[in-house]
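Visitor: This is the structure I want to talk about, given as structure tokens.
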Amino acid sequence: MMYITRRERFNAAHRLFREEWDDDRNMEVFGKCSNPNWHGHNYTLFVTVKGEVSAENGFVVNLKDLSSIIRSRVIDKVDHKNLNVEVDFIRDKLISTENVAAAIWNELEVPVRSIGAELHCIKLVETENNYVEYYGN
Ligand code: NI
């Protein structure tokens, strides 16, 4: 079994908050990410897939195909967008790095199968000090 990772990047705005809480309570729990006037992050997304190496071409998957799936299913939908209000597969959730990573997993799991691999890990880096890894459960 071989694992291969494609990196993509996107910039997006969000606000981490609960509507039923006032701004002070949101600031206490979510910190700067609860700024009522939004803010953005330069996200880095690592998509790792696994599979057998093809005897025909030496690849697990063609990275051109994997990149194309990630772009059409995720990057084109989130880049330079507000994740709370503009992104169909995320907008009704609390926009934490954890929830965004899980939503991206759900977007990619089936399409990755269509190019002959299995999704293994979504790693989403929100800042240089913070990232999450999701393995599907
Ligand atoms: Ni934030």
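Laboratory data are not the source of any read-out in this text; all were calculated from the coordinates shown. Owing to the predicted nature of the structure, the values given are computational and were not obtained by experimental measurement. Every residue, glycine among them, receives a Cβ derived from its backbone with ideal geometry; neighbour counts consider all protein chains shown.
Visitor: Take MET27, MET1 and order them by how many other Cβ atoms sit within 10 Å, fewest up front.
Guide: Lowest count first: MET1, MET27.
Visitor: What does the net charge come to around GLY136 if you take all other residues with beta carbon closer than 15 Å to its beta carbon, with K and R at +1 and D and E at -1? Working shown, then result.
Guide: Numbers: positive: LYS50, ARG113, LYS123; negative: GLU98, GLU107, GLU109, GLU118, GLU133.
For residues surrounding GLY136, the net value is -2.
Visitor: Here is a further query. For the stretch 2-134, what number of Lys pairs, 8 or more residues apart or on separate chains, have alpha-carbon atoms under 28 Å from each other?
Guide: 15
Visitor: Along the charge dipole of the chain, pointing to its positive end and built from +1/-1 on Cβ of Lys, Arg, Asp and Glu, which listed residue (PHE46, ASN26, SER67) has its Cα farthest out?
Guide: So the residue we want is SER67.
Visitor: Taking trypsin sites (Lys or Arg not before Pro) as exposed when DSSP calls them loop (any state but H, G, I, E, B) and at most 15 other Cβ atoms lie within 10 Å, what is the longest stretch of the chain free of them, the sites themselves excluded? Each step should come with its number before you reach the end.
Guide: Numbers: sites that count: ARG18, ARG91, LYS93.
Longest stretch, sites excluded: 19-90.
Visitor: OK, next. How much of the DSSP bridge set in the chain is antiparallel, in percent, rounded to the nearest 5? Please report the intermediate quantities before stating the final value.
Guide: Details: 25 of 27 bridges.
Bridges in the chain are about 95 percent antiparallel.
Visitor: Hey, can you grab everything whose amide H is under 5 Å from the amide H of ALA12? Only 5+ residues off in sequence or another chain; H modelled, so Pro and N-termini drop out.
Guide: Result for ALA12 returns HIS41, TYR43, HIS80.
Visitor: Please report the relative contact order for the chain, taking Cα pairs under 8 Å with a sequence separation of at least 6, and give it as a percent rounded to a whole number. Could the numbers behind the result be given before it?
Guide: Numbers: 244 pairs, mean separation 40.8, N = 137.
That works out to 30 percent.
Visitor: Please return the longest stretch of the chain lacking exposed loop sites, where GluC sites (Glu not before Pro) count only if DSSP places them in a loop and at most 12 other Cβ atoms lie within 10 Å.
Guide: 57-127
Visitor: Moving on to the next point. Mind checking the dipole of the chain: about its Cα centre, +1 per Lys or Arg Cβ, -1 per Asp or Glu Cβ, Debye to the nearest 20?
Guide: The dipole of the chain has a size of about 400 debye.
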